[in-house]
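The values are calculated or read from the model by the stated rules, or taken from the named source; none is laboratory data. Only a predicted model underlies this, so the values are computations on that prediction, with no experimental measurement involved. FYI the Cβ positions are ideal-geometry reconstructions off the backbone, even for glycines, and counts take in every protein chain you see. SASA here: full protein model, heavy atoms, side chains in, ligands and nucleic acids out. Shrake-Rupley method; radii C 1.70, N 1.55, O 1.52, S 1.80 Å.
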Amino acid sequence: MPIPVNHAKPIRITAKESAFEQLQQWIIDGTLQPEEKLVDTELAQALNLSRTPVREALQLLEVQGFVEMFPGKATHVTKVDKEDIKILLPPLAALQSLAVELAIPNSDDELIELLEHTNQRFAEAVEEKDNFSALKIDEEFHQHIVTASQNPYVDNILNRLQAHVRRLFFHHSLILTQSSVDEHIEIIQTFKDKDIEKATKLMKSNWIRTVEELSVN
């Protein structure tokens, strides 16, 4: 039979990366609860991996603040404090503002169409009160801009911070509103106008307003 040539190649990841991604997801979505004790042998069995990559993954998760390790004693999932969102969002706002500043000179019609389509999906999720989908699509919207910034360091730091935001939103049922949809529309217009100054201000206010809304609730 003819073998396809132009197909997506599978991304090879190490056992440590596989363990890290799965454990992080379980911590974010609550499969592994805050303060739950983690046993590497049990996790290794659940992941069908040896203990070594699981231990290495747990060490990475500790560096990123998802677990606490007490050598010779126990490893626990860290607590989730709603107030942490007020600490997380300001640096996110600053980095997202930098990302949009870098992205606009690299933008084209294809990116603008992608942002518009993503924001339409986001608006539908908000209207349907599908809060988890809205959060994921909002992430997609901002990630398109980060990718267009072509700065891997900004991308890497934002990915780490965003993982904690996802966890906080999931555990505390935090809700994104129509205000975010409207702000996205304004941000897209700045791409069309190539207005970097306005874009950075809008992007920062998009995140800071969320902090203010959560402070009221």
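Values computed for the structure shown
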| read-out | value |
| --- | --- |
| Complete set of residues in the range 62-115 that are of a type in the set (A, V, I, L, M, F, W, C), open to solvent by less than 30 Å² (accessible area, probe 1.4 Å), outside any strand (DSSP E or B) and modelled with pLDDT of 95 or more | Phe66, Ala99, Val100, Ala103, Ile104, Leu111, Ile112, Leu115 |
| Only listed residue being crowded, with 17+ Cβ neighbours inside 10 Å and part of a loop (DSSP other than H, G, I, E, B), chosen from Leu49, Leu58, Leu43 | Leu49 |
| Residue match in the range 148-160 (condition: without any contact (Cβ under 8 Å) to a residue 60 or more places away in the chain, farther than 23 Å from Thr31 by Cβ and among the aliphatic types (A, V, I, L, M)) | yes |
| Filter result (touching a residue at least 40 places away in the same chain (Cβ under 8 Å) and either on the phi > 0 side of the Ramachandran plot or crowded, with 19+ Cβ neighbours inside 10 Å (or both)) within the range 116-128 | Asn119, Phe122, Val126 |
